[in-house]
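Quick note: the coordinates plus some simple rules give every number you see, no bench work behind them. In this text, all values refer to a predicted model and were calculated from it rather than measured experimentally. Positions of Cβ are generated from backbone atoms using ideal geometry, with glycine treated the same way; all protein chains shown enter the neighbour counts.
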Amino acid sequence: MKIIEPTVELIDDIDGAQILRKLERCGKVSRQSKLGDAESFVRSIIKRGHESVLEHVSLTFHIVCDRAIMAELTRHRLASFTVESTRYVKYDDLKVVAPFELTKDNTHLFKDMIHNHERSYAFLIGCGCKPEIARSVLPLCLATELYMTANLREWRHILKLRTDKAAHPQMRVVAGQILDILREKLPVIVEDITP
Ligand SMILES: Cc1cc2nc3c(=O)[nH]c(=O)nc-3n(C[C@H](O)[C@H](O)[C@H](O)COP(=O)(O)OP(=O)(O)OC[C@H]3O[C@@H](n4cnc5c(N)ncnc54)[C@H](O)[C@@H]3O)c2cc1C
């Protein structure tokens, strides 16, 4: 068993200035206005709620999280997903994301529970079950890998919902990492999003 932390990586090699110029070019067609300060233009369309312009740019993140957070992420219908399949991957050693409230005192209990899942899974595989059948005994905290692509308008929507204090603590960790990356690469797109 391996206990891991959720991680996020932007897999696109992006040039923030170029993206802002693209958005400006697309957005300014409506009034046939001259190109100028792309950053101010993008800031103004966000302020005015003219967010459809942001749909011209999409970004893909590689996310490692548990199955429960994956299920929440995949509720976002305007995003595209490719997810590690528990039907086809056979788990010899379970990789799990620890619950947020895990302390020194209860870590051994948590490990015992995961060992039970490991034993049940190995038992079913030993009985000749395929991984797609044996997966029934895998825990929700099983770590999984996925790629998630969405346009900038949808990322803004997701980040507003998923960094809010109403969101699950581990979802906020994942969304917080995405927000940090966008703050570094495309600050104007997320500067109004404050968890
Ligand atoms: C704190 C929190 C608690 C939650 N609790 C639960 C829960 O208990 N049970 C549960 O089932 N879900 C729950 N959810 C999931 C939630 O209901 C949404 O399914 C999820 O957040 C996706 O959001 P969305 O539908 O706005 O966004 P997306 O699917 O990302 O869509 C983006 C936007 O596109 C528009 N849109 C997309 N599809 C349609 C459509 N078919 N018709 C009209 N407009 C559309 C909407 O404006 C939508 O906001 C929870 C979410 C959060 C953040």
Any idea how far apart Phe123 and Thr149 come out in nm if each label point goes 7 Å out from Cα toward Cβ?
-> 4.3 nm
Segments 112-120, 29-37, 60-68 sorted - mean Cβ within 10 Å per residue, highest first | 60-68, 112-120, 29-37
With each label point set 7 Å from Cα along the Cα-Cβ vector, what nm distance links Lys90 and Lys111?
-> 2.7 nm
Going residue by residue through the range 120-134, the Karplus relation 6.51 cos²θ - 1.76 cosθ + 1.60 with θ = phi - 60° gives ³J(HN,Hα) values, rounded to whole Hz and with x marking Gly or Pro, of 5, 5, 4, 4, 5, 4, x, 7, x, 6, 6, x, 5, 8, 5
Proximal lysines relative to Lys28, as straight alpha-carbon distance under 19 Å, when same-chain residues fewer than 8 apart are discounted = Lys47
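Which of the peptides 179-187, 73-81, 151-159 is most tightly packed, and how do the rest follow, judged by the mean count of other Cβ atoms within 10 Å per residue?
On the way: 179-187: 16.7, 73-81: 13.9, 151-159: 20.3.
Listed from highest to lowest mean packing, they are 151-159, 179-187, 73-81.
Ranked from highest to lowest mean number of other Cβ atoms within 10 Å per residue, what is the order of the peptides 135-144, 14-23?
Working: 135-144: 18.3, 14-23: 16.1.
So the order, starting with the most tightly packed, is 135-144, 14-23.
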Intensity falloff of the chain expressed as log10 I(q)/I(0), Debye formula with alpha-carbon point scatterers, at q = 0.10 Å⁻¹ = -0.52
Charges only on Cβ, +1 for Lys and Arg, -1 for Asp and Glu: so what's the dipole of the range 72-149 about the Cα centre, in debye to the nearest 20?
-> 240 debye
Please work out how much length the chain gains when fully extended from His56 to Lys185, using 0.36 nm per residue of separation minus the C-alpha to C-alpha distance, in nm with one decimal.
-> 44.8 nm
Those lysines that a straight Cα-Cα span of less than 25 Å connects to Lys2, excepting residues fewer than 8 apart in one chain | Lys90, Lys95, Lys104, Lys111, Lys130
The ³J(HN,Hα) series, computed from each phi in the range 103-115 with the Karplus coefficients 6.51, -1.76 and 1.60 at θ = phi - 60°, rounded to the nearest Hz and given as x for glycine or proline, is 10, 4, 5, 9, 4, 5, 5, 4, 4, 4, 5, 5, 4
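Run the dipole for the chain about the Cα centre, Lys and Arg Cβ at +1, Asp and Glu Cβ at -1, nothing else charged, and hand back the magnitude in debye, nearest 20.
Numbers: 29 positive and 27 negative charges, 142 e Å.
Using only the charged Cβ atoms, the result is roughly 680 debye.
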Given Ile125, Gln170, Ile158, which one lies farthest toward the positive end of the charge dipole of the chain, if we put +1 on the Cβ of every Lys and Arg and -1 on the Cβ of every Asp and Glu?
-> Ile158
